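Below is one structure, written out as structure tokens; the observations come after it.
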Amino acid sequence: MPETYGSFEALLHKLENYEGWDGEICIKTRTYEHHVPTNHYYKRKFNAERSRESGNLEVDIEGEDGQLYRDLSITFEDLKDAKYLISASNFSANNIECQGITPGFWWIYEETPRINAKGGKRRKTRRKRGKGKVFSSLKQLYETLANDQHNPTKIFFKIGNDGFVKEGTLLYLAGMYAEKVLPVLQEGPLDLKRLKWEDLKRGDTKVKKEQDEDWWQYYEEGAKGGRKKTRKKRGKGGVFSRRRRRPTRVTPAILIGDNGNPEPVATTAIEVQNYELDQLLSEINNIRNQMTIEYNNWVEAGSVRGPFYPISPLFTQLEKRENELLTQYYQKLEPSAEIVAYPGQAIGGRRKNKTRKCKNKWSISTNFDAGNIIKKRCETINDINIYTLQIKKDPYPKFTRKKYQNWYYFQVNNVKGKKCKFIIENLVNIDNDWKGHKVVYTYDHKCFYRHSTTLNEKQNYITWNFTPKKNKIWFSYYIPYSRKRVYDLNHKLSKRKNVNKIILGKSSLNNKIELLRFGKGLKHIFMIARQHPGETIGSWMLEGFLKSLFSTSFKKQTNILFNKFTFHIISMVNPDGVQLGHWYTQKHGHNCNREWVKKTCPEVKMIYKYMKQYKGCLYFDFHGDEGCKKHFFTTCDRTKKDKNSSWNFFRNRMKHYNKYFDKEDYYKKAAHNVHGTFDCAWDNALTLEGCMKHNYNNEELTLEPLRIGKHLYKCIYDWSFIV
Ligand SMILES: [Zn+2]
């Protein structure tokens with residue numbers, strides 16, 4: 001009699017519980033050498049522990065030194081398909097050897113016998129409703145299992161007759177209803193089980209919520225009593241039956257002429273897209289709930305060894321999944337802006353239909369985060385595409401003296417190999433800062449490079465010629481830094497132990513203003529960036545700082561800092577300005593960095609309210625300057641004169657680390673005593689100005705600002721010894 005097994009668990013159970021067996025398995029497999037099938041037989045040691053972990057049949061081989069080494073890992077699928085046949089050697093009374101074994105002795109897979117298949121015919125009658133919980137559809141089952149307040153995702157389940165009750169985390173997967181499966185993730189070895197609805201219905205696979213309750217049962221709706229109810233008679237009128245709704249079909253919009261409905265019939269494509277977005281969002285929320293639960297469990301279990309160690313594998317897996325889904329979400333939401341779009345912009349409803357078609361299908365688009373350009377003309381002269389453009393202006397208040405206006409950021413399509421000439425014709429050229437400006441371009445938002453422009457000082461326009469190597473290219477004033485990147489980074493860091501993310505409030509366009517807080521020291525350090533949305537270098541420098549702070553190579557230094565300081569980081573003060581592609585102002589034209597006294601703009605108000613709770617020992621504000629040649633610090637005259645301030649320490653130290661850092665304040669000549677700036681509002685506050693014209697060493701552009709952040713980290717570390 002061959003041995004049989006119905007499930008992998010059953011197989012393991014059998015192998016683990018054989019008595020008088022030394023753990024050796026005979027394996028038979030077949031390979032094709034020059035199309036000639038050849039059978040191979042060999043003996044290997046069964047490794048129960050690893051098999052339990054991996055979900056495959058794991059076997060070891062004995063080395064010459066007598067030690068066991070990992071050899072094969074046979075999947076259950078391959079066992080089922082008889083690609084590998086096994087038998088326990090030495091088990092049979094005959095002490096079978098592998099070679100020459102008769103096929104009858106190989107174990108075979110046999111589908112688990114049905115529960116009700118006791119005798120001949122399967123009982124046709126409907127099962128009576130038992131005392132325990134019941135379910136009549138997959139949706140209902142999922143919802144009842146998931147809607148438990150105490151522990152929404154934990155369930156117990158059992159597959160087949162193997163006798164093992166397992167515990168797992170209930171998931172929501174796209175398509176689970178269509179595939180008719182209930183997905184359960186088992187912890188430890190991350191093993192996604194798809195419990196088939198067929199098996200659940202039949203009772204071959206069982207689920208329950210509490211360990212001590214009865215297994216839940218399927219019962220058909222309408223069969224409440226013992227007796228089957230007679231079907232309602234069909235009445236006289238029209239009838240309809242409740243069917244599952246089919247997925248909506250995408251039909252194009254149809255325009256009906258004057259005789260009919262003058263309104264275009266709404267296309268259902270939008271509905272379909274919304275539906276898909278909703279689905280994705282619900283999936284994302286589901287995963288996030290699980291992440292919270294897993295995070296809490298992980299912390300409670302005391303598994304976190306130190307403050308900045310990675311979290312549990314399950315969590316990491318979920319996080320990865322969340323990121324995938326988010327990417328999908330962003331892509332669905334803004335197909336034209338895969339890289340930089342953020343869902344907020346759809347909520348704002350402001351940035352739709354910004355793509356302006358040019359002739360010959362070459363188009364310019366600003367339909368993404370921080371996009372800014374207005375297309376005036378597009379023409380082809382002597383085989384050169386000429387784009388005449390203007391920068392869209394910030395909503396400055398009427399009486400603003402200097403209306404700085406530098407930021408532009410746009411995408412050009414269908415230009416591979418084409419000679420192009422770009423003209424931006426409405427420059428605001430204060431202090432002749434546009435002189436020597438080099439446009440930043442990228443094909444992929446990973447690497448950014450510069451290209452020279454020519455300035456016409458009399459008529460205030462710049463031009464540059466460029467022949468793109470790819471169809472899509474982005475041009476901008478400086479390396480863009482989108483809201484999504486800020487939020488993603490905050491999210492990522494907030495998953496670390498001891499890092500708190502706090503939402504201070506929302507802006508007029510419903511963008512979150514987030515704060516990260518970490519460290520347990522009694523002295524407080526504050527950092528803010530992007531008061532001026534176009535000065536994206538601020539975000540790059542701050543990212544460099546955060547990366548150093550959390551990098552493993554500075555772990556020792558960071559621990560020292562965290563014992564001494566508490567950091568409060570606001571990576572984006574003005575998200576609305578970023579979204580709208582502004583240079584200096586927020587949505588309503590306020591310059592945030594002139595608001596720290598009167599506090600009329602809501603962004604500054606909510607941040608100020610938070611900050612004034614603490615007495616900070618050091619404050620940093622990250623900016624960029626469009627005229628200077630080197631990076632520098634600037635601050636209020638009061639701070640410069642104060643002998644106890646850290647003004648001298650930081651400018652000397654930064655100069656020490658960074659050769660492109662200027663000890664002198666570039667604004668010295670300009671008498672930087674502007675009312676209402678951040679650095680005048682707090683004691684010991686420094687403004688770090690990155691040079692936005694930098695093009696040192698001809699290297700990829702993000703490297704320099706990231707390096708400045710690292711150097712600032714080193715300075716703060718040095719400073720921690722003297723305070
Ligand atoms: Zn600034």
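Nothing in this text is a laboratory measurement; each read-out follows from the coordinates by a stated rule. Since the model is a prediction, treat every value here as computed from it, not as a measurement. Reconstructed Cβ throughout: ideal geometry from the backbone, glycine too, with neighbour counts over all protein chains shown.
The table below lists the values:
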quantity: Dipole magnitude of segment 527-645, debye to nearest 20 (Cβ charges: Lys/Arg +1, Asp/Glu -1, about Cα centre); calculated: 560 debye
quantity: Segment 354-476: translational diffusion in µm²/s, Stokes-Einstein, Kirkwood Rh over Cα pairs, 4 °C, 1.567 mPa s; calculated: 86 µm²/s
quantity: Lys663 long-range amide H proximity, modeled H, under 5 Å; calculated: none
quantity: Segment 483-719 pair-distance distribution - Cα-Cα, 10 Å bins, rounded %; calculated: 8, 34, 40, 17, 1
quantity: Efficiency of FRET between Glu64 and Asn414 - r from beta-carbon atoms, R0 56 angstrom, step 0.05; calculated: 0.30
quantity: Electrostatic dipole magnitude of segment 582-723 [Cβ: Lys, Arg +1; Asp, Glu -1; Cα centre; debye, to 20]; calculated: 380 debye
quantity: Ellipsoid semi-axes in whole angstrom, largest first, where each is sqrt(5λ) of the Cα gyration tensor of segment 414-499; calculated: 32, 19, 9
quantity: Distance in nm between pseudo-label sites at Thr38 and Lys640 (7 Å out along the Cβ direction from Cα); calculated: 8.4 nm
quantity: Sum of side-chain charges, Tyr660 neighbourhood, beta-carbon under 10 Å (Lys, Arg +1; Asp, Glu -1); calculated: +3
quantity: Whole-Hz couplings from phi, Karplus 6.51/-1.76/1.60, listed for segment 25-31; x for Gly and Pro; calculated: 10, 8, 10, 10, 9, 10, 10
quantity: Relative compactness, segment 390-540, computed as alpha-carbon Rg over 2.2 N^0.38 Å; calculated: 1.30
quantity: Cut-off under 5 Å, modelled amide H: who pairs with Asp191 long-range; calculated: Gln186
quantity: Label zone at Val428 (point 7 Å along Cα-to-Cβ), backbone N below 11 Å, segment 444-481; calculated: none
quantity: Prolate/oblate/rounded label for segment 134-218 (Cα gyration tensor, a/c 1.5); calculated: rounded
quantity: Estimated dipole of segment 483-719 in Debye, rounded to 20 [Cβ of Lys and Arg +1, of Asp and Glu -1, Cα centre]; calculated: 900 debye
quantity: HN-Hα J in Hz across segment 493-500 - Karplus 6.51, -1.76, 1.60, θ = phi - 60°, x for Gly and Pro; calculated: 5, 5, 7, 7, 5, 6, 9, 10
quantity: Rg(Cα) / (2.2 N^0.38 Å) computed for segment 632-714, rounded to two decimals; calculated: 1.14
quantity: Nearest-0.05 FRET efficiency for Gln140 and Glu276, computed from C-beta distance (R0 25 Å); calculated: 0.60
